[in-house]
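This report concerns only the one structure given below.
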Amino acid sequence: MVGGWRPARVIETRTQTPSARSIRLEVPGWTGSDAGQHVDVRLTAEDGYQAVRSYSLGSYGPSTEVIELAVDEVPDGEVSPYLVRDVRIGDELEVKGPLGQFFVWRPDQELPERRGPVQLIAGGSGVVPLVAMIRAAQDAGAVESVRMLYSVRSPEDAIYRDEVVSAAAAGVDVRWVYTRSAPPDWEGTVGRVDADTLRDAVWPVEREPLVFVCGPTGFVEHAADTLVRLGHDPVRVRTERFGGR
Ligand SMILES: Cc1cc2nc3c(=O)[nH]c(=O)nc-3n(C[C@H](O)[C@H](O)[C@H](O)COP(=O)(O)OP(=O)(O)OC[C@H]3O[C@@H](n4cnc5c(N)ncnc54)[C@H](O)[C@@H]3O)c2cc1C
């Protein structure tokens with residue numbers, strides 16, 4: 001059921017970075033989601049004031065009544081600081097969803113002739129729906145067709161870092177981009193994603209990858225525009241903008 005708001009009880013929280021944490025919610029009656037979808041989260045204050053924001057699902061799959069979100073705190077934001085710092089196990093929120101039909105990947109439903117490689121490109125918290133896609137790829141035995149480029153300010157800012165590192169060990173081709181500071185043993189450059197980085201890290205145009213780009217609006221627009229300039233078919237470049245710059 002997509003239409004209505006469902007109660008969602010916080011059952012686990014995990015610190016991911018100094019400014020982000022993942023939250024697992026039990027949602028009775030949840031009927032599952034595809035990798036890449038999101039939910040709307042509604043908070044209601046004691047005086048009745050309500051706030052609604054969208055959060056991607058790090059989880060995916062058909063049957064479980066547990067979903068996972070990961071939230072990065074936007075300084076001076078209204079909702080994200082509460083979700084990152086204040087929400088406690090046992091608290092009740094409301095969720096609506098799953099939402100989104102376009103930014104989804106269904107590895108086992110793609111027709112064989114259309115099943116090209118998949119390129120994931122994440123900026124910051126944009127990694128959340130892409131982690132759901134990595135989980136789907138692992139379950140479908142399709143890790144070898146998946147590449148990921150993950151742009152973060154510094155190693156400490158990488159949400160789901162351990163899981164992305166494990167996915168790399170399991171066969172996903174992962175490329176890290178550090179925009180402000182890199183690990184001590186880093187041999188690459190430090191800076192924003194540019195055309196050279198994308199040309200180098202992304203599946204070649206001739207392989208006709210399906211590309212998912214997610215993160216802050218400016219990051220997504222820059223990456224997607226650059227990919228199209230490099231020759232990628234706009235129809236195969238799917239984007240999800242989280243807001244902000
Ligand atoms: C489809 C979708 C999925 C999303 N999934 C996630 C997710 O998985 N994890 C996550 O952390 N966020 C996600 N977001 C962003 C989220 O919905 C909120 O916008 C974000 O948490 C900020 O909300 P806030 O109430 O704290 O800030 P607000 O009070 O709404 O905004 C405060 C200030 O921050 C700016 N701002 C708003 N959003 C951002 C942003 N994302 N980055 C930088 N500045 C911003 C605003 O322009 C404003 O100036 C998603 C957004 C969309 C549309």
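Some notes on this structure:
- Number of positions in the stretch 62-94 that are under 29 Å from Leu210 (Cα atoms) and touching a residue at least 60 places away in the same chain (Cβ under 8 Å): 2
- Condition broken by Asp47, with the remaining ones in (1) touching a residue at least 12 places away in the same chain (Cβ under 8 Å); (2) over 16 Å from Glu26 (Cβ atoms) satisfied: (1)
- Residues in the stretch 102-117 include none that are assigned to a strand (DSSP E or B) and either away from the ligand (no atom under 16 Å from the Cβ) or at pLDDT 95 or above (or both).
- The set of residues in the stretch 59-81 that are assigned to a strand (DSSP E or B), of a type in the set (A, V, I, L, M) and within 10 Å of the ligand (Cβ to nearest atom) comprises Leu69, Ala70, Val71.
- Any chance Arg85 is farther than 18 Å from Pro28 by Cα, surrounded by fewer than 16 Cβ atoms within 10 Å (Cβ to Cβ) and within 13 Å of the ligand (Cβ to nearest atom): yes
- From the list Asp157, Asp91, the lone residue that is more than 16 Å from the ligand (Cβ to nearest atom) and either among the charged types (D, E, K, R) or under 29 Å from Gly4 (Cβ atoms) (or both) is Asp91.
The values are calculated or read from the model by the stated rules, or taken from the named source; none is laboratory data. What you see is a predicted model; the values in this text were computed from it and never measured. Glycine gets a Cβ as well: all are built from the backbone with ideal geometry, and neighbour counts include every protein chain shown.
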